[in-house]
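The values are calculated or read from the model by the stated rules, or taken from the named source; none is laboratory data. Values in this document were obtained by computation on a predicted structure and should not be read as measured data. As a convention, Cβ positions derive from the backbone with ideal geometry for all residues, glycine included, and neighbour counts pool all protein chains shown.
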Amino acid sequence: MFSKNILLAAIAASAALLGADAFAPSARPLQAYSGIARTIATPLASSHAVDDDVSTDEEPADFILSAGELDGSDDDAVQDAVPARFLSAQRIQELRVTHRRHETDTGSPEYQVAGMTERIAHLTNHLKEHPKDFSTRRGLVALVNKRRRLLNYLFREDEKRYVDIVSALGIRHKVPGSIPSKEDQYGRFPPQKPNKGKSKIKLSKK
């Protein structure tokens, strides 16, 4: 075995002969790593360039409408967007203005009947779509009865105005009359048999 002093002398001699560069870290691995990084970065850069070329070739979509397309919009779509209740309120106002007696009239039978008739038509259409809306059905029946009473009053007061408003609005209303007689009430039914209520035994004895 060599002694410690001999080993130190040998290391010092070899360092003197080879120089300080022999024990310095080599730069070749760093150069190799830099070459690998350069080869990886090159295809990435080329792929970005291809993407940029593709994006520049595409033209942006034009979503701006011309004035002709805006003017040619569908009127039916606009009509569907308006609520039916709003349209009914407009028709009620028009009918009231048409059938009122004067400009400041707000309580005559014609004025009230005109508004009620349009309201009844609107509720009838609503019940066709929603047949289980029983609260609306109850209000509709009450409105029809109120209109009937107003028409009865108008018939008693002025028969000509009654005929005009009924024909103009197309209302089916039965004119109230006096107390019907027995013939008027039961005349449309067939007459009873003469032997009704009599037993067959009594008829056989006779």
**Fill in**
Residues of region 113-132 being over 19 Å from the mean Cα position of the chain (by Cα) and not in a helix (DSSP H, G or I), in sequence order, are PRO131, LYS132
**Request:** Return the residue satisfying two criteria in turn: it lies in region 168-187 and is at pLDDT 80 or above and in a loop (DSSP other than H, G, I, E, B), and of such residues it is nearest to GLU157 (Cα to Cα).
**Result:** VAL175
**Prompt:** Within region 158-194, can you find the residues that are surrounded by 10 or more Cβ atoms within 10 Å (Cβ to Cβ) and under 17 Å from ARG101 (Cα atoms)?
**Reply:** ASP158, GLU159, ARG161, TYR162, VAL163, ASP164, ILE165, VAL166, ALA168, LEU169
